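The values are calculated or read from the model by the stated rules, or taken from the named source; none is laboratory data. Computed from a predicted structure; not experimentally measured. Here Cβ is always computed from backbone atoms with ideal geometry, including for glycine, and neighbour counts include all displayed protein chains.
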């Protein structure tokens, strides 16, 4: 389903057993299920419309080389604005262009308990099939506000007493464990955060390294920073 149709119909495809299982676990609104005929005995939801497709029909819709035979037409169900609370943490993503990266970041955020995600204008569509697939269904458990002006959101967060932290590949202090009431920002895979955005934040973090390579991949950097950011949560619950 192309982007223009996803927006026009306010719906998108969620494919694969694990992704659909997470869709159902999150009680996400679903218009219908599409099931390959050889999987009909396994996937026949009782209350939601279900259409049985021949293998060639299913293959035309699938994004996978070896489809698992199940997908859902999910409704577009995202907040237009993000509620701000000093009891929460926020992840802001500026102009993320790679759908696999965005999906991996959403999965990482879910793992570390960051449920409030703010995605800027000029980012890949959060319902892009590769985003949905790479998130492995984590998308359905998060509050994702899309097409946001990051500069405006930083001002709103700071006005509510939220500590805002930019990230940079070359400079800044090492990540640390921080209590809720914080927002962490990551920029484009190639260009990072613009200086104009970083200047609006309270501070900047940088992941130190000694290996001599230019930089980490964006999903790697997000995982490291979110681990450090939430580390106190793990120790408090042990």
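The residue that is surrounded by the fewest Cβ atoms within 10 Å (Cβ to Cβ), counting only those in the stretch 61-70 that are out of contact with any helix residue (DSSP H, G or I) (no Cβ under 7 Å at 6 or more places or on another chain) and touching a residue at least 40 places away in the same chain (Cβ under 8 Å), is 64. Every listed requirement among (1) over 21 Å from residue 2 (Cα atoms); (2) surrounded by 14 or more Cβ atoms within 10 Å (Cβ to Cβ); (3) assigned by TED's automatic domain parsing to the domain that holds residue 161 is met by residue 99 save one, (1).
Inside the stretch 192-208, residues that are more than 14 Å from residue 120 (Cα to Cα) and in contact (Cβ under 8 Å) with a residue 12 or more places away in the chain make up a count of 11.
Could you tell me whether any residue of the stretch 46-60 is touching a strand residue (DSSP E or B) at 6+ places or on another chain (Cβ under 7 Å), surrounded by fewer than 20 Cβ atoms within 10 Å (Cβ to Cβ), assigned by TED's automatic domain parsing to the domain that holds residue 189 and outside any helix (DSSP H, G or I)? No, the stretch 46-60 contains no residue that is touching a strand residue (DSSP E or B) at 6+ places or on another chain (Cβ under 7 Å), surrounded by fewer than 20 Cβ atoms within 10 Å (Cβ to Cβ), assigned by TED's automatic domain parsing to the domain that holds residue 189 and outside any helix (DSSP H, G or I). Which of the following residues is modelled with pLDDT of 95 or more, farther than 20 Å from residue 6 by Cα and within 10 Å of the chain's Cα centre (by Cα): 104, 159? Just a single option satisfies the conditions, and that option is 104. For the structure I just gave you, tell me whether residue 94 is assigned by TED's automatic domain parsing to the domain that holds residue 229, touching a strand residue (DSSP E or B) at 6+ places or on another chain (Cβ under 7 Å) and crowded, with 18+ Cβ neighbours inside 10 Å. Yes: the conditions hold for residue 94.
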